[in-house]
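Accompanying notes for the structure given below.
The values are calculated or read from the model by the stated rules, or taken from the named source; none is laboratory data. Quick caveat: nothing in here was measured; it's all calculated off a predicted structure. Because the Cβ atoms are built from the backbone with ideal geometry, glycine has one as well, and the counts that use them run over all protein chains shown. Areas reflect the complete protein model, heavy atoms only, side chains present, ligands, DNA and RNA absent. Shrake-Rupley method; radii C 1.70, N 1.55, O 1.52, S 1.80 Å.
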Amino acid sequence: MTGTIAEWERWTGMVFPETGGYVIPEGLSLLRIDHSADQGTYVEPNIWMQHI
């Protein structure tokens, strides 16, 4: 999931002043912020299990 830094700040109620990884509420992984691209990217890990 990608969005601008302003969108991520609005969605999370947080401020992202620097490029890097941030822990976000309810997140399973880090939100990656790239100020040079004005973009935040969030990718949740996929875990598959087989129940026998």
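Sequence gap at least 6, Cα distance under 8 Å: using those rules, report the relative contact order of the chain to the nearest whole percent.
Relative contact order of the chain: 34 percent.
Run lengths n ≥ 4 of DSSP H only: what is the helix-derived mean residue ellipticity at 222 nm for the chain, with -39500 (n - 2.57) per run over all residues, to the nearest 500?
Helix-only estimate at 222 nm: -4000 deg cm²/dmol.
Within the accessible area of the chain, what % is carbon and sulfur when the probe is 1.4 Å and the other protein chains stay in place?
Ligands and nucleic acids excluded, carbon and sulfur give 56 percent.
Determine the shape class of the chain: with a ≥ b ≥ c the square roots of the Cα gyration tensor eigenvalues, call it rounded for a/c under 1.5, and otherwise prolate if a/b is greater than b/c, oblate otherwise.
Prolate shape, in that a/c is at least 1.5 and a/b is the bigger ratio.
When you count, for each residue, the other Cβ atoms within 10 Å and take the mean per peptide, how do 42-49, 4-11, 24-31 rank with the highest first?
4-11, 24-31, 42-49
Give me the number: length gained by fully extending residue 51 to residue 37, i.e. 0.36 nm times residue separation minus the C-alpha to C-alpha distance, one decimal in nm.
Difference between extended and current length: 0.8 nm.
If the only charges are +1 at each Lys and Arg Cβ and -1 at each Asp and Glu Cβ, what is the size of the charge dipole of the chain around the Cα centre, to the nearest 20 debye?
Roughly 120 debye for the chain.
Rounded to whole Hz and in sequence order, give me ³J(HN,Hα) for segment 40-52 from the Karplus expression 6.51 cos²θ - 1.76 cosθ + 1.60, θ = phi - 60°, writing x for Gly and Pro.
Result, ordered by residue: x, 10, 10, 10, 8, x, 9, 10, 10, 10, 10, 8, 10 Hz.
Write down the accessible area per residue of the chain in Å², having rolled a 1.4 Å probe over the full set of protein chains.
Ligands and nucleic acids excluded, the figure is 80 Å² per residue.
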